[in-house]
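Please read the structure below before turning to the comments.
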Amino acid sequence: MRTTCAYCGVGCGVVATRAGERTAMIAGDPGHPANFGKLCSKGTHLGETIGLEGRLLHPMIGSRRAAWDEALDVVASRFAATIAEHGPDSVAFYASGQMLTEDYYVANKLMKGFIGTANIDTNSRLCMASAVAAHVRAFGEDIVPCSYDDLDAADLIVLVGSNTAWCHPVIWQRIEAARAARGTKLVVIDPRRTETAERADLHLAIAPDSDVALFAGLLAHMRATWRLDGRALAERVAVPDGFWKSLPTDSVARICDVTPADLHAFYDLFAEHPRTITLFSQGVNQSTSGTDKANAIINLHLATGRIGKPGAGPFSITGQPNAMGGREVGGLASTLAAHMGFSDAERDRAQRFWRSPTICSGPGLKAVDMFDAMAKGKIKAVWIMATNPAVSMPDARMARVALANCPFVVVSDCIAETDTARYAQVKLPALGWGEKDGTVTNSERRVSRQRAFLDAPGEARADWSAVAEVARRMGFAGFDFANAASVFREFAAQTGFENHGTRVLDISDHATITDAAYAEMAPFQWGGASPFVGRAFSTPDGKARLVPVVHVPRDDAMRGYPLRLNTGRYRDQWHTMTRTGLSPKLSQHRREPLVEVHPDTARRLGLADGGLARVETPHGASTFRVAATADQRRQELFVPIHWSDQTSAGGRAGLLPGQDRDPHSGQPGFKNTPATARAYKPGWTGFLVSAERTAPPECAYWTRVRTAHGWLTELAGDGDPAALTALLPPGERAEMIDTRRGVIRAAVVADGRLQAALFVSRGTGLPPRDWLLAQLGAADAAAFEILAGRPAMPAPDRGAIVCVCFDIGLNTLLAAITDRRLVSVEAVGAAINAGTNCGSCRPAIAKLLPKQEVAYV
Ligand SMILES: Nc1nc2c(c(=O)[nH]1)N[C@H]1C(S)=C(S)[C@@H](COP(=O)(O)OP(=O)(O)OC[C@H]3O[C@@H](n4cnc5c(=O)[nH]c(N)nc54)[C@H](O)[C@@H]3O)O[C@H]1N2
Ligand SMILES: Nc1nc2c(c(=O)[nH]1)N[C@H]1C(S)=C(S)[C@@H](COP(=O)(O)OP(=O)(O)OC[C@H]3O[C@@H](n4cnc5c(=O)[nH]c(N)nc54)[C@H](O)[C@@H]3O)O[C@H]1N2
Ligand code: SF4
Ligand SMILES: [Mo]
């Protein structure tokens, strides 16, 4: 079955071959134009995530299982009653870029056209709302003006606030291939030295949130050196009065905290290579100046004529598999539907198309405002679909207060226990990847099918059908969709309805697609490879706009919080881990949430590499494992976003950022929060290896990941650790407990198989984890060896896993590189296979080589 990857906005084509009830072989689709057969580590290991572990299989009302009919009746009547009593603005939907376009369309139609409020927003507000706002300001419509092919044609690629090698790995592989083939130059703008930055020709480790100064300064430089495109400016671009005066004249290097030499190296590279793609993601969007950053980039491309030509353009790449589809249907509270706004004419047009009894009067509440309204009691019923806001919202503690305060919370999810589901009065089981059927749009506007190749588990249903059922029960006509294809046809028709060429988004030639043709539909790109070639911009006068943007220093420095906290992603985990956390392979790359900190800063704060640290902001605190690394700028911290209450009692990044947001887009500034950190020196540390998932431990710090044969739980705390033995399953126990010295070693072996082992120590001296984890799968576990924590005949420690496809550790790699004098990623692959399957670890392998090559694809 041909389908599309469940994860990122690259939108790779996948061929899934069902191998059993809940198993499938996964391969890249060689015919898909987004990836031509390649997959990254996450896509490659999709097969490990389609089991039924943890699934929500039946509707639940409170803690009781309910029939769909009853659950839908409850949702419909509670929403109807709330609206009757408090008006339409008292209810809300909070949706997600992981819904299919069909799900999104039906939810948007119900809320804006029939309930009559625009209180539907989505996690895309946290993701690329700033890019949307910038596109609308510059182009008059939310259009990504580039395609992946442009990456092959560019001479210079600038990555801004994007850890492409980890977050869009197949795009990254394409960039590396272009560099190898034609020497494309690569500049990375990121405060951190990521694996992406490591590979660049030039890395500018700019101060956080100094991007506006950098790009406005570059535009000033291009103007001063007579390198603007006069013709483009005269014919295609409107320049507001005073625009040129808004550009900075000096002090850019100081604001960005880079050397003037590096700054000019970048400016020179830009000047010399007209075919430039500037690709950006969360380092731009997730900022209190996110929209201005994006417009600073777009201004530069417009004024230098670097847009609408092969290999040139400002390229916002999307995070989620269907972030773009959500933008198309109008799933954001700030757009109406099908790229329309809220003017009287547009509202009237949408209402006539939907034949709806009412229509929303204007924009609705954006995500953070929506949760604020819940906390204040103004939103009294909310339906959350395909997102986990109790973890992912800024100031997640406040988001939980809001959920707890909302009288009626409905959660649609595939997973039974999530941090958000705990607040639900009604839980609805959704089809997940491999079961659901519909379309997604990737970063280059390419619409692809996600297809079902597994049976629906339990009573799970498609999200669109649950929403349509509720709409019918609320008495609304227009929701009798027979299948996903009929929803798609209606959406396609809406994009063309009275469009008359005013909006680029028009896929109405698919409005009459048959069910059979929809089943077979090949990927297609709307707007063409380069939407603004030979076409006016979507503004009243057809010209694009330069938008004056000025660097505004942040004045939120606070006493007691001298550091800046940045948050982001790991290579092999996806968001709150509900899917990737099921994969043993993907869980090996980073087993614990780290706080990365420069060694000098660590020393000043008294943080020990490998120890624990309590990170604090004005909004919350959480504990992380310390990784001292010169890849961080001094005085700055980085933590990952993936751990939740289901997987840890520390590493909770969501508790740390505040609600400050961009004034234009409403997107939170997740990447720059005043913070501090201090060492947490626990009374004892330990870990548990177990075949089964255990109850959450009671201690100050724990984190849990999947491994090949069970689970690894890291532990730390104070007081008496003896209570931890309650985590061990019943069975024959061998133990060595020295309560005075606080040492515990205990193992449960049944039928020669290790069930669990617990190690606790008040000092150092915990055994390495890997051999013990392997014993969970071994047939002849010997209790004495397990208590010793090592085999009678020790094998070499392979070290932290780098290549997850072939289970190759750091020590194995280093040994091979030195012993066999390997000098290239290819040679490493030929010698020990590492990096030869999905390729996601190739940047990490390159980092280990004695001398770096230029490119390695
Ligand atoms: N492995 C993996 N891949 C994913 C995801 C995942 O969870 N895991 N999620 C997907 C989703 S939804 C998204 S949105 C994308 C996100 O993809 P990315 O945007 O690439 O990911 P992030 O790690 O959030 O942030 C990118 C970089 O922005 C940098 N940054 C922080 N502040 C600034 C700044 O002020 N200026 C600049 N120039 N840079 C800054 C950070 O240091 C970080 O390295 O990834 C998608 N792909
Ligand atoms: N501090 C900080 N916070 C951030 C970010 C950051 O960089 N820093 N990044 C932000 C960004 S860019 C994003 S995109 C968000 C992501 O944050 P979330 O959207 O909250 O994270 P996910 O874990 O992807 O949640 C998706 C949920 O939907 C469920 N699900 C999957 N498929 C389906 C389906 O088809 N139907 C239904 N009903 N449910 C489904 C999954 O089981 C899971 O529980 O986090 C944001 N939060
Ligand atoms: S790059 Fe990886 S995660 Fe993204 S769509 Fe492709 S295979 Fe999936
Ligand atoms: Mo995202």
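The values are calculated or read from the model by the stated rules, or taken from the named source; none is laboratory data. All values derive from a computational prediction rather than experimental measurement. Neighbour counts run over all protein chains shown; Cβ positions are idealised from the backbone, glycine included. Accessible surface is based on the protein model in full, side chains and every heavy atom, while ligands, DNA and RNA are left aside. Shrake-Rupley method; radii C 1.70, N 1.55, O 1.52, S 1.80 Å.
For the stretch 586-680, a/c is not less than 1.5, where a ≥ b ≥ c are the root eigenvalues of the C-alpha gyration tensor, and a/b does not top b/c. That puts it in the oblate class. Per-residue packing, averaged as other Cβ atoms within 10 Å, sorts the ranges 475-481, 98-104 into the order 98-104, 475-481, beginning with the highest. Summary value for the stretch 6-96: 16 percent relative contact order, contacts being C-alpha pairs under 8 angstrom separated by 6+ residues. Across the stretch 783-844, Cα pairs under 8 Å and at least six residues apart give a relative contact order of 24 percent. Using a probe radius of 1.4 angstrom, the carbon and sulfur fraction of the accessible surface of the chain is 53%. Accessible area per residue for the chain is 35 Å², calculated with a 1.4 Å probe on protein heavy atoms, without ligands, DNA or RNA. Given Cα pairs under 8 Å that are at least 6 residues apart, what percent is the relative contact order of the chain? Relative contact order of the chain: 15 percent. Rounded, prolate or oblate: pick one for the chain, where a ≥ b ≥ c are the square roots of the eigenvalues of its C-alpha gyration tensor, a/c under 1.5 means rounded, and failing that, prolate if a/b is larger than b/c, else oblate. The shape class here is oblate.
In terms of distances greater than 26 angstrom between alpha carbons, the cross-link table entries 42/681; 309/671; 376/427 yield 42/681; 309/671. Helices in the chain, meaning DSSP H runs of at least 4 residues, each add -39500 (n - 2.57). Divided by all residues, the mean residue ellipticity at 222 nm is -8000 deg cm²/dmol.
Charge dipole (Cα centre; +1 on Lys/Arg Cβ, -1 on Asp/Glu Cβ; no other charges) of the stretch 684-788 amounts to roughly 160 debye.
Between the listed residues 468, 337, 493, the Cα displaced farthest toward the positive end of the dipole of the chain, a dipole computed from Cβ unit charges relative to the Cα centre, is found at 337. Tell me whether the stretch 429-489 comes out rounded, prolate or oblate; compute the Cα gyration tensor, take square roots of the eigenvalues as a ≥ b ≥ c, and use a/c under 1.5 as the rounded threshold. Since a/c reaches 1.5 but b/c is at least a/b, the shape of the stretch 429-489 is classed as oblate.
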